[in-house]
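Scroll down for the structure; my scribbles are underneath it.
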Amino acid sequence: MKTLAHPQKSARTLRLCSFVLFCTYLLLAPLSSAESLAAHTHGVAHMTIAMADESIAVEIISPAANLVGFEHQAQSEREVSAVKKATKILHQPEKLLTFSGGECSLLDTELDISALKPNASDEHEHEHEHEHGEHHTDVVARQEYRCKKNALPSSAKATWLLHFPATERIELMWIKQATQGSATLTSENPKIDFK
Ligand SMILES: [Zn+2]
């Protein structure tokens, strides 16, 4: 098992925060949750879905290996094309997550895959030197939705698992108004019921 810490998690969380409840949830979440987010294990991605009032914020953090099979700056033609292919999928929010039962529209997306791109700068925010000299890189995708009043979704499907099959499972934490839950999602069981 390969693991590394995410020292920028808090800073990224602060940047991500777009409404109070989500911030409260992520920043004050029980330590066990924070720890589970801090591990980088190949094959495992982490997803957080926070819904409050008329907003949804989604964050997916995944080892780059789950998307492209490596975690360094793309060099060979094959690697460059793998990064292009993954980027194209990541730019299509419905290929990561779809919602059912609500009336919501996409407001904003954010993607950090910079450390994999050829000729990326030397400053890789999410890349860390492993103690054995191995590089680990996370890819971070965020989505923000705006929903009609009282029209938050009742369920969702992690379509990510179909498009990035090297992801064996997604560890999910969700919050919807005052209710929260967690689940392990797999390609056989990608559905999320918010209840
Ligand atoms: Zn790694």
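Derivation of every value follows stated rules applied to the coordinates shown; laboratory data play no part. Just so it is clear, the structure is predicted and the values come from calculations on it, not from any experiment. Ideal geometry is used to build each Cβ from the backbone, glycine not excepted, and the neighbour counts take in all protein chains shown.
For the stretch 107-113, putting each phi into the Karplus relation 6.51 cos²θ - 1.76 cosθ + 1.60 with θ = phi - 60° gives couplings of 9, 7, 9, 9, 9, 10, 10 Hz, in residue order, rounded to whole numbers and with x for Gly and Pro. Pairs exceeding 32 Å between alpha-carbon atoms, taken from K84/K149; K84/K191; K117/K149; K148/K191; K117/K157; K88/K148: K84/K149; K117/K149. From most to least packed by mean Cβ count within 10 Å, the peptides 60-68, 86-94, 182-190, 154-162 give 60-68, 154-162, 86-94, 182-190.
Exposure proxy for K148, K195, K176: other Cβ atoms within 10 Å of each Cβ, ordered fewest to most, give K195, K148, K176.
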